[in-house]
Amino acid sequence: MKRPAATISDNEVTTNTQDAYVSESDNSTCGQQPQCFAKCSVWNRNFIAVPQPRKKPSPTEGERAVVEGLNALSIKEREDVYEEIHGIHNANTIEETPEMISRAVDDLQKYISKMNRHQKQAYELTRLMSPRFVQDRAFLLMFLRADLFDVAKAANRLVNNLELKLELFGVDRMAKHITWEDMDEDDRAAVLNCSSQYYPELKDNAGRTVWVAAMGKDEYKTDNNHFRCSYYTVMGMMMGNDNAQTRGIVGIAHMVGLSEKKFNNTVAFRSMKLIEAMPFRYAALHICYDNPNLRGPIGMLQLIANVQNRVRFRAHFGTFVECQYQLMTFGLNQDIFPFDSTGNIKTEKFMAMLRDRIQKEAEIEEERRNDSSRIEYPRSVDVLFGRGKAYNDFNGNILMYAHIDRYKGRYQQATSRDEKTLIAETVLLTIKESGGRFLKRSKDPMDGWVTVTDTVAREKISHCFRTRLK
């Protein structure tokens with residue numbers, strides 16, 4: 001039986017949505033292999049590259065891409081999408097059992113272990129720093145639920161999330177959840193702008209979590225301030241939120257009052273790619289706008305969205321009140337939104353939620369600091385004891401090798417053991433003065449790291465001198 005096609009009221013335009021865009025290719029290099037995991041903006045830059053159009057698409061191409069995506073579905077699949085968007089029924093809800101979850105978590109870890117090393121460099125770095133972090137069941141389950149327990153998709157989403165995290169926050173924060181203390185003043189200002197909001201009461205009629213982003217009302221110093229704000233907001237929204245993880249979230253991008261000039265193409269397009277690395281899925285995605293000149297940019301967002309998000313993408317044109325009424329047909333009542341009657345942002349509920357979150361983060365961090373019996377994860381300036389490429393490529397070890405190379409001529413010319421010990425001591429003190437520690441694994445790797453004595457550290461430095469002089 002032939003599928004009835006979805007329709008759209010415009011002149012027919014044929015387009016190949018796969019060919020409409022190409023990923024930006026960045027062949028720049030820093031002159032080093034991607035082994036130094038410090039804040040390098042070169043080796044992982046392509047992760048959220050801005051798609052570059054081969055030609056300027058017409059305003060209808062994005063809408064047509066949505067129709068093509070729907071037409072590719074079976075009648076049952078299409079009905080499921082419509083019902084999920086309207087909050088009537090969620091056919092994607094999976095019945096979870098402890099046995100099924102355990103099996104899926106094991107399969108996910110096995111799949112990641114077989115992935116190409118170059119594809120998962122940030123993951124391997126995080127696993128080296130803290131096996132406990134990347135093996136945490138709740139952390140892994142977020143990504144499995146985001147892709148409906150498709151292990152391959154969940155694995156790619158997880159390693160991409162860590163690549164993104166490394167790009168935005170650097171090495172020292174890889175083995176921990178991002179907190180308020182991990183962001184700088186400009187990042188915090190972007191959060192406190194309250195243009196990106198979620199809170200417990202912000203739900204649709206079906207009880208699903210709603211995330212509202214007021215584009216045009218957001219203020220940030222640099223694009224990365226915006227992305228770090230988004231990362232912090234989304235991860236906070238999803239962690240421990242079983243409802244959002246299992247049922248998906250409803251996203252609303254509020255562009256009413258936004259001028260074409262103020263529409264930041266780069267941020268908007270990169271945000272669509274960034275979303276695909278976050279541990280959630282959209283049950284529905286709505287964009288509200290009142291400027292007809294934004295129809296083209298919104299169409300481009302539809303084009304670059306993945307198929308799952310594209311078929312759930314709905315654009316609403318009209319005034320603030322008209323868009324509110326349109327959203328009501330999707331189970332989104334006016335009284336839940338963080339806007340007053342004129343469209344200005346209300347901040348009280350979001351700020352109350354944010355204060356609670358910051359307080360809980362501080363309590364967890366204080367508890368961690370008080371546990372002086374172990375070091376949960378190393379810093380980027382620490383030197384790690386261990387064998388293999390992962391240890392040799394750790395940033396702190398690379399810094400130690402650089403100090404050794406600086407002194408190896410003197411070490412080679414030294415005629416007595418005492419003189420060589422003094423040179424090794426010089427390297428040791430240099431590293432410690434920069435905040436570095438010499439760490440080895442606890443007997444149980446899941447218990448973190450312990451500091452070695454200065455004698456053991458000097459022996460390692462001396463061994464490295466001898467090895468590099470061969």
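The values are calculated or read from the model by the stated rules, or taken from the named source; none is laboratory data. In this text the structure is predicted, and so the values were computed from the model without any measurement. Virtual Cβ from ideal backbone geometry, glycine too; neighbours counted across all protein chains shown. In case anyone asks, the SASA skips ligands and DNA or RNA and just uses the protein heavy atoms, side chains included. Shrake-Rupley method; radii C 1.70, N 1.55, O 1.52, S 1.80 Å.
What to note about this one:
- Those residues of segment 301-345 which are closer than 19 Å to ALA213 by Cβ, part of a loop (DSSP other than H, G, I, E, B) and without any contact (Cβ under 8 Å) to a residue 12 or more places away in the chain, in sequence order: ASP340, ASN344
- ILE404 being open to solvent by less than 30 Å² (accessible area, probe 1.4 Å), in a helix (DSSP H, G or I) and touching a Cys at 6+ places or on another chain (Cβ under 6 Å): yes
- Breaking point among (1) assigned to a helix (DSSP H, G or I); (2) within 19 Å of ALA390 (Cβ to Cβ); (3) touching a strand residue (DSSP E or B) at 6+ places or on another chain (Cβ under 6 Å), for THR467: (3)
- Scanning segment 263-277 for residues that are within 18 Å of ASN156 (Cα to Cα) and either of a type in the set (Val, Ile, Thr) or assigned to a helix (DSSP H, G or I) (or both) yields ARG270, SER271, MET272, LYS273, LEU274, ILE275.
- Among the candidates LYS153, LYS165, the residue that is under 17 Å from the mean Cα position of the chain (by Cα), open to solvent by 10 Å² or more (accessible area, probe 1.4 Å) and farther than 30 Å from THR329 by Cα is uniquely LYS153.
- ASP356, sole failed condition from (1) touching a residue at least 24 places away in the same chain (Cβ under 8 Å); (2) open to solvent by 20 Å² or more (accessible area, probe 1.4 Å); (3) assigned to a helix (DSSP H, G or I): (1)
- Unique residue being of a type outside the set (Val, Ile, Thr) and on the phi > 0 side of the Ramachandran plot when the list is GLY396, GLY435: GLY435
- Scanning segment 104-148 for residues that are touching a helix residue (DSSP H, G or I) at 6+ places or on another chain (Cβ under 8 Å), surrounded by fewer than 21 Cβ atoms within 10 Å (Cβ to Cβ) and small (Gly, Ala, Ser) turns up just one, ALA104.
- Residues (under 18 Å from ASN265 (Cβ atoms), out of contact with any Gly (no Cβ under 7 Å at 6 or more places or on another chain) and open to solvent by 10 Å² or more (accessible area, probe 1.4 Å)) located in segment 288-308: TYR289, ASN291, PRO292, ASN293, ARG295, GLY296, PRO297, ILE304
- Within segment 267-297, the set of residues being modelled with pLDDT of 90 or more and aromatic (Phe, Trp, Tyr) comprises PHE280, TYR282, TYR289.
- Number of the condition not met by LEU202 [criteria: (1) open to solvent by 10 Å² or more (accessible area, probe 1.4 Å); (2) within 15 Å of ASP335 (Cα to Cα)]: (1)
- Residue count for segment 272-298, restricted to those that are touching a Ser or Thr at 6+ places or on another chain (Cβ under 7 Å) and not hydrophobic (A, V, I, L, M, F, W, C): 2
- Residue list for segment 172-199, restricted to those being in a helix (DSSP H, G or I) and open to solvent by 10 Å² or more (accessible area, probe 1.4 Å): ASP172, ARG173, TRP180, GLU181, ASP182, GLU185, ASP186, ARG188, ALA189, LEU192
- Count of segment 407-435 residues, restricted to those that are open to solvent by less than 40 Å² (accessible area, probe 1.4 Å) and in contact (Cβ under 8 Å) with a residue 12 or more places away in the chain, is 8.
- Taking segment 377-390 as the range and being out of contact with any helix residue (DSSP H, G or I) (no Cβ under 6 Å at 6 or more places or on another chain) and surrounded by 13 or more Cβ atoms within 10 Å (Cβ to Cβ) as the test, the residues that pass are PHE385, GLY386.
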